[in-house]
Amino acid sequence: MSSHKPATETDRDTASLYDDVLKGRALVPVSPERQERDQNKVRSGFWPKVRTTIGKVPFVEDAVAAYFCAMDRNTPVWVRATLMGALAYFVVPADMIPDFVAGLGFTDDATVILAALRTISGHMSDEHRARAQDALSDSSDAELDGPANSDASDE
């Protein structure tokens, strides 16, 4: 057994994620590249997507709470990876059922978000939900471009 210690926080996160996979806590193995790709999609597209879906889909508050949970550095790595994958699916418009299909476009997104939330339910805090409610109640364009403290305080 090697006593090699990961050099960076990303390395520690990756090691932790693979440890969670081996212990059966994570749903599927996630490569660091896939996790980074999902995170980049979410960081660039989440708030614009929220802005265009408010009032159109009933799960927006859950998605925003999931975002805050995923950005929280105190959230276990496997939970963040699960949520980032679900949120990336929500952000990308061309998925199993394209978002523009009237009446059905967001049903697959809702299913993916719900499955992720059920999987990680014990890790979603009241603070994550409160931050989501605050962000949506202050739904000015500036707020929905991304609350100023959403990433900075959590990383």
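No value in this document is a laboratory result; all are computed from the given coordinates. Nothing here was measured: the structure is a model prediction, and the numbers come from that model. Please note: Cβ atoms are built from the backbone with ideal geometry, for glycine as well, and neighbour counts cover all protein chains shown.
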What is the fewest-to-most order of TYR67, TYR89 by other Cβ atoms lying within 10 Å of their Cβ? TYR89, TYR67
Least to most buried among GLU33, GLU61 (fewest other Cβ within 10 Å first): GLU33, GLU61
Figure the gain on full extension for VAL92 and GLN133 (residue separation times 0.36 nm, minus the Cα-Cα span) and round it to one decimal in nm. 12.4 nm
Of the range 108-141, those with amide N under 14 Å from the point 7 Å along the Cα→Cβ vector of LYS56 are 108-110
Show me 116-122, 41-47, 128-134 ranked by packing, highest mean number of other Cβ atoms within 10 Å first. 41-47, 128-134, 116-122
